[in-house]
Amino acid sequence: MLARPGVRGLAPGRCSPAKEDLFLDRASGVVDRMSRWVRGRGAGESAAAAVLRELREEVESVSPRVGLMDGYSEFMRVVHAAPALRSRLWAIQQEVHDNLVETLREETGAAADDPLPDLIAGQIGWVHQTAMAGIGRRMVEGGTPAEVSREMLDVMEELLSEKVLNYAVRDA
């Protein structure tokens, strides 16, 4: 989730808050979330496996951090109705991707001109973004947090290639 009532925050690099940053005040935590999951993976675990594991735990525990809470549908309706909020949400998604690319480069020692970290981050990000969008859509359609939490991740994981699923495995 990207916002909470009564809390104000700034986007990284901003001198003063834009209205969108006040509404989407949890963006800084979201931007680093997947990178934290990758950096915190265990021995023998790949980057994608770490993200899928953490995302599955969030979904199965019906966590408000992934939008599984009462009131989330109203929040998403406001975001979808406001072009400036949709634009800021897209920019946050780009920041998440760029951050994950840098983390994958650091974790694998990949050269700056190696396209693989960018491509792998795109695949891992696709799973995360698609799950979040699906949760938001189902909540707006009237789903309850408990119902929505059971519908998401298995099929998406099956669509990832072995190359993505086995990239950046942490040594023992």
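Data overview
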| read-out | value |
| --- | --- |
| Magnitude of the charge dipole, region 36-113, Cβ model with Lys/Arg +1 and Asp/Glu -1, debye to 20 | 180 |
| Gained length - Arg137 relative to Ser87, 0.36 nm times residue gap less alpha-carbon distance | 16.2 nm |
| Percent accessible area from carbon and sulfur atoms, region 116-172, protein chains only, probe 1.4 Å | 52 |
| Sites Ser63 and Ala172, calculated FRET efficiency, Cβ-Cβ separation with R0 25 Å, nearest 0.05 | 0.25 |
| Global form of region 59-125, assessed from the alpha-carbon gyration tensor, a/c cut-off 1.5 | oblate |
| Solvent-accessible area of Thr103 with every protein chain in place, 1.4 Å probe, in Å² to the nearest 10 | 0 |
| Label-point gap, in nm, between Glu157 and Ala111 - each point 7 angstrom along Cα→Cβ | 3.5 |
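The values are calculated or read from the model by the stated rules, or taken from the named source; none is laboratory data. Since the model is a prediction, treat every value here as computed from it, not as a measurement. Methodologically, a virtual Cβ is constructed for each residue, glycine included, from the backbone with ideal geometry; neighbour enumeration extends over all protein chains shown. Accessible surface is based on the protein model in full, side chains and every heavy atom, while ligands, DNA and RNA are left aside. Shrake-Rupley method; radii C 1.70, N 1.55, O 1.52, S 1.80 Å.
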